[in-house]
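Q: Once you've had a glance at the structure underneath, I'll fire off some questions.
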Amino acid sequence: MEVAGEVLASEFQLHVLAVDDSHVDRKVIEKLLKISSCKVTTVESGARALQFLGLDEEKGSLGFNGLKVNLIMTDYSMPGMTGYELLKKIKRSSAFREIPVVIMSSENILTRIDSCLEEGAEEFLVKPVKLSDVKRVMNDCIMRGETEGNNRRRVDKRKFEDDNHASSSSSSSSSIPSSPSSPLPSSPSTAATSSPLHSLKRAKLRDHN
Amino acid sequence: MERNPMRRQLAIMRQSLFDQGHVDEQFVQLEELQDDANPNFVEEVVTLYYRDSARIILNIEQALERKPFDFRKLDAYMHQFKGSSSSIGAKKVKAESTLFREYCKSGNGEGCMRSFQQLKKEYATLRKKLGAYFQLARQAGPVETASRPK
């Protein structure tokens with residue numbers, strides 16, 4: 001895992017967009033990400049995040065914002081647009097649904113975790129977020145091939161996961177359909193937007209409780 | 001001026017912050033983010049915390065002057081305050097915030113007021129202690145590694 005991080009740092013950096021209404025938390029997450037060799041942009045709200053991405057509803061078209069965003073980390077409880085609402089907007093946008101979204105929340109509520117994962121969140125981190133959490137998220141991102149123009153490995157990994165998990169009917173193409181899949185008998189309902197890693201992550205989160 | 005006695009005193013002060021339950025593991029997490037480029041990172045975060053949370057404290061105070069209490073609003077403010085307190089590792093302040101929120105949920109106005117008084121005390125005590133600690137840290141000069149509490 002360390003090796004992957006070192007290789008990444010020397011070639012390119014993940015650009016992370018961090019969204020949190022708390023100034024203190026923005027400062028901390030920025031430091032955590034910089035220490036993990038990421039480029040960081042912090043914004044204070046979901047609306048600002050969408051503006052930065054170029055998904056500005058007022059403008060209606062994609063704006064140019066320079067650096068491509070490889071990962072979004074957002075707080076759940078924010079005034080105005082919650083992290084959950086931001087997640088939904090991103091996952092329902094054809095331009096940005098591929099960007100992994102991580103939710104951070106001080107409240108470890110199972111139904112909340114489930115809804116976020118079902119809407120396509122990669123991970124749900126309980127605050128306060130630690131360096132080990134950030135490093136794990138980074139490694140997952142790298143493993144998923146969320147680096148500039150590298151989507152091949154992600155498809156392969158999904159195929160591998162499909163063999164081992166009785167999860168949703170994910171296709172082998174990289175585009176994710178946004179319609180919900182029918183619930184499976186053995187596992188809790190999984191939307192087609194979730195990756196096969198979700199059932200594993202959900203189990204991990206439950207154990208953590 | 002010799003650094004060693006200062007560093008020793010600094011270590012003692014730091015240990016007592018943990019022993020007396022003022023700060024928790026999150027404080028250590030912040031310390032581990034300090035480096036040569038950002039030797040005063042923890043102090044910066046704490047300063048930011050006291051600046052930002054002053055506003056929330058004021059909001060809660062004003063809300064507690066309006067009867068009947070708007071418990072939903074009080075809880076929302078305290079949720080915010082608790083979040084920041086948790087982010088800097090303010091253990092006692094965080095615990096008091098949790099208590100306050102429980103009083104909000106059960107609609108216990110008296111409990112809220114008592115708990116808020118206690119919270120403000122802890123908040124002020126922590127500020128004094130951390131203030132003294134950071135002042136000494138600046139005088140003692142940069143420390144190479146953060147040591148974990150035993």
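Every number in this text was worked out from the coordinates using simple rules, so none of it is lab data. As the structure is a computational prediction, the values presented were derived from the model and not from experiment.
Q: If each DSSP helix of 4+ residues adds -39,500 (n - 2.57) and the sum is divided by the residues in chain B, what number results at 222 nm, nearest 500 deg cm²/dmol?
A: -25500 deg cm²/dmol
Q: A:Phe96's amide H: which non-local residues (gap 5+, or another chain) put their own amide H closer than 5 Å, with H modeled 1.01 Å from N in plane and none for Pro or chain starts?
A: Sorted by chain and number, the residues that satisfy this come to none at all.
Q: While we're here: Starting from the exponent 0.38 and prefactor 2.2 Å, build the expected Rg for segment A:15-145 from its residue count and divide its actual Cα Rg by it.
A: It is 0.96.
Q: Quick one: which residues, 5+ away or cross-chain, put their amide H under 5 Å from the amide H of A:Ala18? H built at 1.01 Å from N.
A: Placed amide hydrogens put A:Thr41, A:Thr42, A:Val43, A:Met73 under 5 Å from A:Ala18.
Q: Hey, which of these cross-link pairs are over 31 Å Cα-Cα: A:Lys27/B:Lys92; A:Lys39/B:Lys121; A:Lys68/A:Lys127; A:Lys91/B:Lys94; A:Lys68/B:Lys82?
A: Distance filter (> 31 Å) returns A:Lys39/B:Lys121; A:Lys91/B:Lys94; A:Lys68/B:Lys82.
Q: Amide H neighbours of A:Met104 under 5 Å, counting only residues 5+ apart in sequence or on other chains, H built in-plane at 1.01 Å?
A: A:Thr74, A:Asp75, A:Tyr76, A:Leu125
Q: Once you sort the root eigenvalues of the Cα gyration tensor of chain B as a ≥ b ≥ c, which label holds: rounded (a/c under 1.5), prolate (a/b larger than b/c) or oblate (the other case)?
A: In terms of gyration-tensor shape, prolate.
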